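Report on the following structure.
The values are calculated or read from the model by the stated rules, or taken from the named source; none is laboratory data. These numbers come from a predicted model, not from an experiment. Backbone-built Cβ (ideal geometry, glycine too); neighbour counts: all protein chains shown. Only protein heavy atoms, including side chains, enter the accessible area calculation; ligands, DNA and RNA are left aside. Shrake-Rupley method; radii C 1.70, N 1.55, O 1.52, S 1.80 Å.
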Amino acid sequence: MTVRKRLLHVTHLLFAVLLLIQLLPDRAASDVHTGALIAFACGLEAVTLLGTFLVKKEESLALLVDIVGFIFVLLALWSLVTAKFNLLNPMLFPPPGKVLAQFAEDRSKILVNIRSSLGITLKGFLLAAVAAIPLGLFLGWNARLGGAAAYISKFFSSIPPIVYIPYGIALLPTFRSVSVFVIFLATFWPVFAGTMSGVLNVDRRIIDSAKVLNVRGPEMLFSVILPASLPQIFLGCNQGLSVSFILLTSAEMIGARDGMGYYVKYYSDFGDYTRTITGLLVIGIVVIGVTFLFNRLQQYLLRWKK
Amino acid sequence: MTTNKIEIKHLTVDYTERGRSFNALHDVSFGVGAGEFVSVIGASGCGKSTLLSVLEGIYQAADGSVEIDGKALHGTGKERGVVFQHYSLFPWMTTRTNIAFGIKQARHDISRRECLKIADEFLGKVGLEGFGKKYPSQLSGGMQQRAAIARALAMNTEILLMDEPFSAIDAKNRVVLQELLLSLWEGDSKEHRKTVVFVTHDIDEAILLSDKIVVLTAHPGTVNEIVQVPFDRPRRRESLTQTAEYGQFRNRLLSLLYHDVAERIGGEEVVI
């Protein structure tokens with residue numbers, strides 16, 4: 001596709017429409033920060049144009065341009081129902097410019113909270129993976145124990161991990177350690193169950209193939225069974241990861257001193273809905289970012305699959 | 001007394017499936033000389049793959065014994081290399097890592113770098129130069145079997161066990177692979193040739209490759225007859241298959257196979 005063709009995309013038209021809408025007079029009484037919205041839209045458009053010239057793969061470019069298009073539509077509608085026509089309660093629904101300006105103002109505070117949330121999630125998740133994968137491999141490979149362990153893991157993974165919170169609070173000293181503990185449990189069972197089912201479902205022919213190469217003991221477990229069960233292990237990890245985020249933000253809304261859930265809860269208690277919406281959007285972006293990185297890791301480690 | 005590389009004596013194997021046990025092989029005896037290429041043929045379900053599983057060391061015999069160099073066989077061993085019909089290669093390793101992994105398993109004394117070097121050399125021998133970095137899923141079935149053969153050869157085992165290695169390959173590529181295997185095996189000088197046990201249901205494949213053919217009868221699997229292949233080596237498919245002797249020999253094998261089938265049909269119910 002030529003550069004000219006690449007430039008012909010409805011997203012750029014949407015960008016122009018969004019800017020034109022900003023020419024309409026504001027009807028909302030409060031400060032609407034049109035400047036922040038325009039700056040953000042221009043930045044996004046600049047990224048898109050840069051991508052148009054730099055991104056080589058057609059599919060990746062199309063994805064980028066389409067997503068940006070959606071964001072422009074969303075911003076335009078949001079700006080129309082708030083700042084321009086004042087259709088919604090301005091206290092509960094601040095205009096987009098105001099949220100963007102708030103984000104810029106609070107950026108260092110937000111960064112600290114993101115770091116806190118990610119730190120807890122990562123700790124709990126990694127501890128769970130490090131414990132669950134070897135244990136699952138070992139028990140799954142031991143045919144007799146495997147059957148029993150599969151049922152037990154099903155039992156435990158069916159319990160919503162949030163009910164462990166009272167025990168965590170009774171046993172552990174700080175909010176952070178309770179959160180790590182709950183995320184550990186929330187991730188441990190799905191990863192353990194995934195590993196076990198992965199091991200139990202390894203193709204007999206692959207095991208035979210390893211046996212005739214005289215692969216034995218730990219090498220069988222880590223060089224053959226582990227990579228062969230990796231697709232199912234990742235299924236468990238994905239499940240654990242998404243549950244972890246939900247759990248953590250809910251837990252932070254109850255008792256934390258920092259973290260993104262705390263940020264949202266703290267400011268909504270003061271009726272500061274600009275910051276509440278800012279926090280919601282940041283949580284969404286962080287979760288998408290982490291999931292994206294995790295998917296890339298998964299794609300890389302499973303690149304041998306068709 | 002002859003000294004066979006592999007000596008199978010009165011082998012009986014029971015097979016358990018869904019809790020039901022049945023006799024897969026009954027009193028099977030034959031020997032394979034050092035450097036001999038022996039094919040085992042028979043209708044499907046005659047236990048020829050089960051026989052190979054016992055030789056591989058992954059299946060236990062109920063009775064009888066298998067001896068290699070006069071010693072009773074127990075489990076898998078470094079003197080045997082195996083090529084299966086499917087999944088000989090690990091899907092998560094590249095072709096060359098697969099081969100290097102096999103070499104490393106057979107010989108712990110050499111470094112990983114040397115293993116990779118040998119792997120590349122054998123990839124070349126089977127016509128897969130430049131495919132070392134591909135994963136099995138990125139190769140065609142025929143190429144996967146080439147790589148599997150390369151691994152088995154690179155491991156430099158005295159014995160090669162092949163379980164219908166070309167059965168899942170399309171007819172045209174199967175012929176190419178048969179000729180590749182033939183030329184690689186015949187390429188070694190007579191005293192260095194590997195001892196091969198090759199399981200197949202393809203009569204032409206068996207004749208082209210083998211010194212000796214063991215014909216099995218089904219239910220339970222027993223040796224019907226052991227036939228020496230009377231054709232000189234090196235063999236060429238085109239010249240071999242056009243001779244009258246080839247046709248006669250082929251017919252003899254066919255009747256050995258179908259005689260059994262006809263008997264079974266006649267014994268139970270005549271459908272034709």
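Measure of size requested: the Rg and Dmax of segment A:234-306, with Cα atoms as the atom set and Å as the unit; please supply both.
Reported Rg and Dmax, both Å: 15.5, 53.
Pairs to check: B:Lys9/B:Lys194; A:Lys306/B:Lys133; A:Lys57/B:Lys125; B:Lys9/B:Lys78; B:Lys48/B:Lys194. Give those whose C-alpha atoms are more than 27 Å from each other in this structure.
A:Lys57/B:Lys125
Taking the Cα centre of chain B as origin and charging only Cβ (+1 Lys, Arg; -1 Asp, Glu), how large is the dipole, in debye to the nearest 20?
With Lys and Arg at +1 and Asp and Glu at -1, about 1120 debye.
Set the Förster radius R0 to 56 Å, insert the Cβ-Cβ distance between B:Ala72 and A:Leu172 as r into 1/(1 + (r/R0)^6), and round the FRET efficiency to 0.05. Working shown, then result.
On the way: r = 59 Å, r/R0 = 1.06.
Once rounded, the FRET efficiency stands at 0.40.
Kindly state, as a whole number, the per residue volume in cubic angstrom of the convex hull around the alpha carbon atoms of segment B:45-136.
So the per-residue Cα hull volume is 135 Å³.
If I require 24 Å or longer along the helix axis, counting alpha carbons, and a Kyte-Doolittle average no lower than 1.0, what helices from chain A are left? Use full DSSP H segments.
Counting only whole DSSP H runs, the qualifying helices are A:34-54, A:58-79, A:107-141, A:175-200, A:226-255, A:273-301.
What are the extents of the Cα atoms of the protein assembly as shown along their three principal axes, in Å, largest first?
107, 64, 58
May I ask you to rank A:Met220, A:Met91, B:Met143 by accessible area, largest first, using a 1.4 Å probe over the protein chains only? Each step should come with its number before you reach the end.
Values: A:Met220 5, A:Met91 110, B:Met143 45 Å².
Correct descending sequence by accessible area is A:Met91, B:Met143, A:Met220.
Viscosity 1.002 mPa s, temperature 20 °C: give me the Stokes-Einstein translational D for segment A:134-281 in µm²/s, with Rh taken as the Kirkwood radius over C-alpha pairs.
Values: Rh = 17.4 Å.
D, rounded to a whole number, is 123 µm²/s.
Whose amide H sits under 5 Å from the amide H of B:Lys5, counting only residues 5 or more places off or on another chain, with H placed in the peptide plane?
Counting only residues 5 or more places away or on other chains, the set is B:Val32, B:Gly33, B:Ala34.
About its Cα centre, how strong a charge dipole does segment A:3-104 have in debye, to the nearest 20, once Lys and Arg get +1 and Asp and Glu get -1 at the Cβ?
220 debye
Please state the shape class of segment B:194-239: rounded when a/c is under 1.5, otherwise prolate if a/b exceeds b/c and oblate if not, all from the C-alpha gyration tensor.
On the way: a/c = 2.23, a/b = 2.06, b/c = 1.08.
It comes out prolate by the Cα gyration axes.
What aspartates and glutamates could a cross-link reach from B:Lys104, if we take a straight Cα to Cα line under 18 Å and drop same-chain neighbours fewer than 8 places away?
A:Asp208, A:Glu219, B:Glu79, B:Glu114, B:Asp120, B:Glu121, B:Glu158
Between A:Val73 and B:Ser167, what FRET efficiency follows from the Cβ-Cβ distance if R0 is 51 Å, with the result rounded to 0.05?
Computed FRET efficiency for A:Val73 and B:Ser167: 0.35.
Let me test this: with uniform point scatterers at the alpha carbons of chain A, what is the Debye-based log₁₀ I(q)/I(0) at q = 0.11 1/Å?
The computed values of log10 I(q)/I(0) come out as -0.86.
Jot down the per residue volume, in cubic angstrom and as a whole number, of the convex hull over the alpha-carbon atoms of chain B.
Normalising the Cα hull of chain B by residue number yields 161 Å³.
Measuring from label point to label point, each 7 Å out along Cα→Cβ, what is the B:His10 to A:Leu63 span in nm?
6.7 nm
Charges on Cβ only, +1 for Lys and Arg, -1 for Asp and Glu, centred on the Cα centroid of segment A:107-305; of A:Phe138, A:Val180, A:Ser117, which one is farthest towards the dipole's positive end?
A:Phe138
Where does helix B:244-268 land angle-wise versus the long Cα axis of chain B, in degrees 0 to 90, nearest 10?
60 degrees
Segment B:1-97: percent of C-alpha pairs farther apart than 19 Å?
Percent of Cα pairs beyond 19 Å in segment B:1-97: 48.
Which loop chymotrypsin sites (Phe, Trp or Tyr not before Pro) in segment A:70-100, with loop taken from DSSP, have no more than 16 other Cβ atoms within 10 angstrom of their Cβ?
Listed in order of number, the matching sites are A:Phe85.
Estimate the FRET efficiency between A:Arg115 and A:Leu92 by the formula 1/(1 + (r/R0)^6), using the beta-carbon distance for r and 35 Å for R0, to the nearest 0.05.
0.75
Could you tell me which trypsin sites (Lys or Arg not before Pro) in segment A:176-231 are loop residues by DSSP with no more than 14 other beta carbons within 10 angstrom of their beta carbon?
A:Arg216
Any idea what angle helix B:171-187 forms with the longest principal axis of chain B, computed on alpha-carbon atoms, 0 to 90 degrees, nearest 10?
Helix B:171-187 and the main axis of chain B meet at about 70 degrees.
Compute the distance from the alpha-carbon center of segment B:21-85 to that of segment A:111-171, in whole Å.
Taking the Cα centre of each part, segment B:21-85 and segment A:111-171 sit 45 Å apart.
Need one number for segment A:1-44: average projected area of the convex hull over its C-alpha atoms, nm². Intermediate values should be presented prior to the final figure.
On the way: hull surface 14.7 nm².
Here the figure is 3.7 nm², rounded to one decimal.
Over segment A:3-104, one equal point on each Cα, no solvent: what is log10 I(q)/I(0) by the Debye formula at q = 0.18 Å⁻¹?
-0.81
Top to bottom by accessible area (1.4 Å), largest first, where do B:Arg250, B:Arg20 land?
Correct descending sequence by accessible area is B:Arg20, B:Arg250.
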